[in-house]
Amino acid sequence: QWTIASIVEDQIAAIRAQIGDGRAICGLSGGVDSAVAAALVQRAIGDRLTCVFVDHGLLRAGERAQVERDFVSATGVKLVTVDARERFLNALAGVTDPEQKRKIIGREFIRVFEQAELDLKATGDYRFLVQGTLYPDVVESGGGTGAANIKSHHNVGGLPEDLEFELVEPLRELFKDEVRRVGLELGLPETIVHRQPFPGPGLGIRIIGEVTEQNLTILRAADAIAREELTAAALDRDIWQCPVVLLADVRSVGVQGDGRTYGHPVVLRPVSSEDAMTADWTRLPYDVLERISTRITNEVAEVNRVVLDVTSKPPGTIEWE
Ligand code: XMP
């Protein structure tokens, strides 16, 4: 009988057997998989695990705090945050092509993470690297054809050749719903366990145009409002995710009070999906759409228009870049 409690127990025993008295590093993305993998390893080896969280400056409002405060207080894990915001902004300056953005973000991410690994290795016997690989990832990377390769996902196939770590992958045999149950069993907060998917390149691929500090600030504000209203309407579990996209390269004329405005549109992209390979646009209630639109145009000065993406996948992808 495979209960969640027994999966947890078995994994903890397996991790202890693999790592022995060594030390392990785990990169946290803010997502559920790396969080659950880290929590399991923390249970097994305590503070011989160090988690690394890279703030690339492309995070949504409150995400860094969710890792630094909520995850740490739930697990007691040892955490190093690397503030690489400036580095990413510099590397992205002037870049508008989606694939180029993805490549730059992926490359910089690996560099920053490898430096963090080197720094840690200098302080102790860190021989193990924890990854939140799930069963479907294992299957997919065996195949790796078709839709999965339409956009270069920066967390797949990004490992350096001369990897000097032994991998610890405690979720290799689990599906997403099992991972969530393991997370709850380990006492992780609902906000982490039921977090919707968010792409590794973050807000960088939700700005159509250049990724600047100012564009990030605008998008972060609009996105936070959309998420607040969807949560308030208890719709989080009904939608797969709802990217908010800033059309930084587009301006349109508006009117506010007595004045003409010439601002940017944001796009709401609510989707329903089983596995993100295909998706349908979610028929959100009009009153929720209205609240989101009114609040964004009132509260975010640079945005004077909110539009709704009603495209399924295919032909559209979920993200705009
Ligand atoms: P698309 O835009 O290809 O997205 O329909 C499918 C799902 O994958 C997420 N996504 C990513 N996740 N790294 C990730 O970890 C990435 O580079 C990436 N690109 C897209 C997207 O949010 C959606 O859930």
_Search result, residues across the stretch 12-30 that are at pLDDT 95 or above, touching an Asp or Glu at 6+ places or on another chain (Cβ under 8 Å) and surrounded by 20 or more Cβ atoms within 10 Å (Cβ to Cβ)_ = Ile25
*Just need a number here: residues in the stretch 181-205 that are of a type outside the set (Ser, Thr, Tyr) and more than 16 Å from the ligand (Cβ to nearest atom).*
11
_Members of the stretch 242-273 found to be closer than 30 Å to Val193 by Cβ and either surrounded by 21 or more Cβ atoms within 10 Å (Cβ to Cβ) or modelled with pLDDT under 95 (or both), listed by number_ = Cys242, Pro243, Val244, Val245, Leu246, Val266, Leu268, Arg269, Pro270, Val271
*Could you list all residues from the stretch 289-300 that are loosely packed, with under 14 Cβ neighbours inside 10 Å and touching a residue at least 12 places away in the same chain (Cβ under 8 Å)?*
Glu299
*Return a yes/no flag: does the stretch 301-317 have any residue that is in contact with a Phe, Trp or Tyr (Cβ under 7 Å, 6 or more places away or on another chain), without any contact (Cβ under 8 Å) to a residue 60 or more places away in the chain and closer than 26 Å to Asp177 by Cβ.*
yes
_Selection count, the stretch 7-36, where residues are without any contact (Cβ under 8 Å) to a residue 60 or more places away in the chain and within 16 Å of the ligand (Cβ to nearest atom)_ = 1
*Output the number of the condition that Arg206 fails; it satisfies all remaining conditions of (1) without any contact (Cβ under 8 Å) to a residue 60 or more places away in the chain; (2) among the basic types (Lys, Arg); (3) touching a helix residue (DSSP H, G or I) at 6+ places or on another chain (Cβ under 9 Å).*
(1)
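Per-residue answers, yes or no, for (1) without any contact (Cβ under 8 Å) to a residue 40 or more places away in the chain; (2) under 27 Å from Asp137 (Cβ atoms); (3) not in a strand (DSSP E or B):
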{"site": "Gln196", "(1), (2), (3)": "no, yes, yes"}
{"site": "Glu210", "(1), (2), (3)": "no, no, yes"}
{"site": "Ala221", "(1), (2), (3)": "no, no, yes"}
{"site": "Val250", "(1), (2), (3)": "no, no, yes"}
{"site": "Gly254", "(1), (2), (3)": "no, no, no"}
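Considering only the stretch 1-100, give the helices (runs of 4 or more DSSP H) lying wholly within it that have at least 3 residues that are hydrophobic (A, V, I, L, M, F, W, C) and either within 28 Å of Arg181 (Cβ to Cβ) or out of contact with any strand residue (DSSP E or B) (no Cβ under 9 Å at 6 or more places or on another chain) (or both).
4-19, 32-45, 85-92
The values are calculated or read from the model by the stated rules, or taken from the named source; none is laboratory data. What you are looking at is a predicted structure, and each value in this text was computed from that prediction instead of being measured. Cβ coordinates were reconstructed from backbone atoms using ideal geometry, including for glycine residues, and neighbour counts include every protein chain displayed.
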